[in-house]
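Undergrad: Please see the structure below; I have some questions.
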Amino acid sequence: MMRQYELVERVLNYDPKADEALLNRAYVYAMKAHGNQKRASGDPYFSHPLEVAAILTDLKLDDATIATALLHDVIEDTASTRAEIDQLFGPEIGSLVDGLTKIRRLDLVSKKAEQAENFRKLLIAISSDIRVLLVKLADRLHNMRTLEHVKPEARRRASEETFEIYAPLAGRMGMQALREELEDLAFRGLHPEIHKTVVDRLAQLRDRNKGLVDEIKRGLKEKLSESSVQADVLGREKKPHSIWRKMENRQISLEQLSDIYGFRVIVDNISDCYRVLGIIHTHWRAVPGRFKDYISTPKQNGYQSLHTTIVGPRHQRVELQIRTSEMNRIAEYGVAAHALYKDNIQVAASVNGAAKNGPADLTKDGPYAWLRHLVGSLLDGDNPEEFLEHTKLELFQDQVFCFTPKGRLIALPRGATPIDFAYAVHTDVGNGCVGANINGRHMPLTTELRNGDEVQILTSVSQTPPAAWERIAVTGKARSAIRRAARDALRRQYAELGRRLLVSAFAKIGHDHTDDKLRKSLSRLSQKTVDEVHAAVGRSELSVADVVRAVVPDAVLAQPSTKPRPRNRHERPGADEGWFNLSKVMSLKFRWPGSGDAAGRESKVGQGVPIRGMRNDVPVRFEDAGAVPGDRIVGVLMPGEGIRIFQIHSPRLKDFEHEDWIDVTWDIDPENPQRFPARILVTALNEPGTLAQIAQVIGEEDGNIDHLQMVSRTSDFTDMQVEVEVWDLEHLNRIIHGLQSRPVLSRVERLFE
Ligand code: MN
């Protein structure tokens, strides 16, 4: 195990200004916190955070990152708390360690390949500081290096995760060396036999090619020094995994040198890169189609290099990368290559191709903000325009990430509700949604979702989404689906209405109304389908008499009971406003003979119905524990009764079919305000004078107590239900807050039933 002073020395070697005392404190604290804990290998647990810290010193990261690495498992695995870390190491390290704790909790979620991309975004979203991700990658690397000690099932899962999530993440962050090692370890974890086969074959080839690699290196060096170019030539054997992938992709055997070895020429500056290219292409034949210039056009993750393949000394194909030492550092370490150089903005700006954005923007939010921006851009899209767009949108700040019960990740915009979640899962799930459990608890569909929520959508096949949902949903997908469903539902209502009108009219002249008969008259009515005829009749665009005459030309029509005038659809007011049409259909429904109707009954509220979207001839009633102006409300069509108004959180709402929901809003006349009843539950200490205090607060706030009832009583507390009349929601909240401020009242909350 590395000694304390060794670690500190490694950091001081590349960063003489590093805080030595901080590193020492973190070392001692983590070692004590993990105490006698052991790893699966039997090693002391502390060896793990220490190795993670060591990996990060290879990346030359700052002292806070190294301290975070030492502390990264203490909150999750020991008695340490965030508050303690904050206090001992400051809030910066506290929040870094906290980020790692959060990610570890997320590790428990099962992940499928399709959502790996979303999961990477989630990692970024909860890592407000890029150093959290760097520690996480080092943590994963060390766990993968010591994978042989864990059980086969855990090994397989960790390897899959590494393949799908962590290796690509390292790649997008430009950390190629890390990516290759992670991939190779995961490859070995998943397919140990294949891995061994490739390793054995490599050993044979290494033997056979003995001397060849050196010969090529020497040849290259010679030609370059003849032209007096200063260059290092490195030959490296590729990892078993990347060799295996090439074999799979191209269905080739392992004979080609270029598939095993890569050569790298490192020079001082960009013009030397092109000079080297020229010299090499002059002396050896280039393989057509293999030249790529990533210097003039860098990859999105900042990678720069010239690539070419030549036919080498023994007629072997030789793959070459030509780059400057700075480019090489960035290619190996990616984001981490910049991490210690807080002022080196130029690199970031040129790397992400967003020079237009200007360095000032990138540094605005602290020394690491530009790194965060950079990584954000790496995770999404391939072109600079897209990068700029997403930077503007602050992509990840605006999102919440939730899970289905099976662990599928659903990314939604902030402010999204279970309704949005349901539509994001599938349009059918959205359309059938009748309720939601969030983290196992039944919650209103209006609840704003938070990061990490597990959402279970309850569905019913007979459900139609109410138009009112359109205002609750925030995603375009949900909204347009709700609109479409509402339109379809409306159309079905009209069609049903039209059909019933026709059945009744045909009955009067002694005919049956059948779809078949109607179908034969479609062309005469200039309609395409029977359903359209029904809907047109329902909308009064087509008169019943015209349809009857079209089907039975010689019919003698008695006085028609309904006499709809054909109207131009453009003349109808509010034609596209759901509520208008719904209420119109509804009022017709009420007058429908023999349907247990409510015709003739007067509205209890009387003349000024304080609800928009209602006609005054429809009876409107408030649910008892009702709604007050300012509340979000839903109207429900009660057969034989009229419309009842519910507060949107009312638990009773779930008793009604959503197709009976009607979108309504308040329409209060400020000149003529009314009071509305609301219900409050108060838990009071059993002390003399408690009741008087309740009455006093409500009286002072200008509320009327309508009714007060003891609900239950223990030796110390009494639950009381207070019915109070208020002007609006603000007024009600004032009363509730007033009550909450009284020490004798331990709980005050609004009741919705
Ligand atoms: Mn760890």
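The values are calculated or read from the model by the stated rules, or taken from the named source; none is laboratory data. Note that the structure is predicted; figures quoted are calculated from it, not measured. Every residue, glycine as well, gets a Cβ built from its backbone with ideal geometry; the counts of neighbours run over all protein chains shown. Protein only, heavy atoms only, side chains kept; ligands, DNA and RNA dropped before computing areas. Shrake-Rupley method; radii C 1.70, N 1.55, O 1.52, S 1.80 Å.
Undergrad: Would you confirm whether or not the stretch 30-48 contains a residue that is under 21 Å from GLU9 (Cβ atoms), without any contact (Cβ under 8 Å) to a residue 60 or more places away in the chain and more than 13 Å from the ligand (Cβ to nearest atom)?
TA: yes
Undergrad: Here is a further query. What pairs come out if I take residues in the stretch 132-145 that are among the polar types (S, T, N, Q) and pair them with residues that are in a helix (DSSP H, G or I) and open to solvent by 10 Å² or more (accessible area, probe 1.4 Å) whose C-beta lies under 9 Å away, six or more apart or interchain?
TA: These pairs meet every condition: ASN143/ALA158.
Undergrad: Can you give me the number of residues within the stretch 134-148 that are within 11 Å of the ligand (Cβ to nearest atom) and among the hydrophobic types (A, V, I, L, M, F, W, C)?
TA: Of the residues in the stretch 134-148, 3 are within 11 Å of the ligand (Cβ to nearest atom) and among the hydrophobic types (A, V, I, L, M, F, W, C).
Undergrad: What is the residue count in the stretch 162-183 for residues that are within 14 Å of the ligand (Cβ to nearest atom) and open to solvent by 10 Å² or more (accessible area, probe 1.4 Å)?
TA: 0
Undergrad: Next question, about the same structure. Output the qualifying pairs, or none if there are none: Cβ atoms under 6 angstrom, residues six or more apart or on different chains, first residue in the stretch 400-419 and touching a residue at least 12 places away in the same chain (Cβ under 8 Å) and farther than 15 Å from LYS477 by Cα, second residue among the acidic types (Asp, Glu) and in a strand (DSSP E or B).
TA: Pairs that qualify, where the first residue is touching a residue at least 12 places away in the same chain (Cβ under 8 Å) and farther than 15 Å from LYS477 by Cα and the partner is among the acidic types (Asp, Glu) and in a strand (DSSP E or B), are PHE403/GLU454.
Undergrad: Would you tally the residues in the stretch 75-99 being surrounded by fewer than 24 Cβ atoms within 10 Å (Cβ to Cβ) and either modelled with pLDDT under 90 or within 11 Å of the ligand (Cβ to nearest atom) (or both)?
TA: 6
Undergrad: Could you list all residues from the stretch 685-706 that are touching a strand residue (DSSP E or B) at 6+ places or on another chain (Cβ under 7 Å) and modelled with pLDDT under 85?
TA: Taking the stretch 685-706 as the starting set, the residues that turn out to be touching a strand residue (DSSP E or B) at 6+ places or on another chain (Cβ under 7 Å) are 685-686, 690, 694-695, 698, 703-706.
Of everything in the stretch 685-706, those that are touching a strand residue (DSSP E or B) at 6+ places or on another chain (Cβ under 7 Å) and modelled with pLDDT under 85 turn out to be LEU685, ASN686, THR690, ASP706.
Undergrad: Kindly indicate the residue of the stretch 16-36 that is in contact with a helix residue (DSSP H, G or I) (Cβ under 7 Å, 6 or more places away or on another chain) and in a loop (DSSP other than H, G, I, E, B) and also least open to solvent (accessible area, probe 1.4 Å) among those meeting that condition.
TA: ALA18
Undergrad: Return the residue satisfying two criteria in turn: it lies in the stretch 49-72 and is assigned to a loop (DSSP other than H, G, I, E, B) and either away from the ligand (no atom under 14 Å from the Cβ) or in contact with a Gly (Cβ under 6 Å, 6 or more places away or on another chain) (or both), and of such residues it is farthest from VAL11 (Cα to Cα).
TA: LEU59
Undergrad: Something else: Looking only at strands (runs of 3 or more DSSP E) that lie completely in the stretch 626-740, which have at least 1 residues being more than 30 Å from GLY430 (Cα to Cα)?
TA: Passing ranges, in order: 676-685, 704-713, 717-726.
Undergrad: Select, from ARG484, ARG471, ARG479, the only residue that is at pLDDT below 85, outside any strand (DSSP E or B) and open to solvent by 40 Å² or more (accessible area, probe 1.4 Å).
TA: Being at pLDDT below 85, outside any strand (DSSP E or B) and open to solvent by 40 Å² or more (accessible area, probe 1.4 Å) holds for just one of ARG484, ARG471, ARG479, which is ARG471.
Undergrad: How many residues are of a type in the set (S, T, N, Q) and touching a residue at least 12 places away in the same chain (Cβ under 8 Å) if we restrict to the stretch 488-535?
TA: 4
Undergrad: Being in a helix (DSSP H, G or I), within 16 Å of the ligand (Cβ to nearest atom) and open to solvent by 20 Å² or more (accessible area, probe 1.4 Å) narrows it down to one of ARG201, ARG157, ARG188, so name that one.
TA: Going through ARG201, ARG157, ARG188 in turn, the sole match is ARG157.
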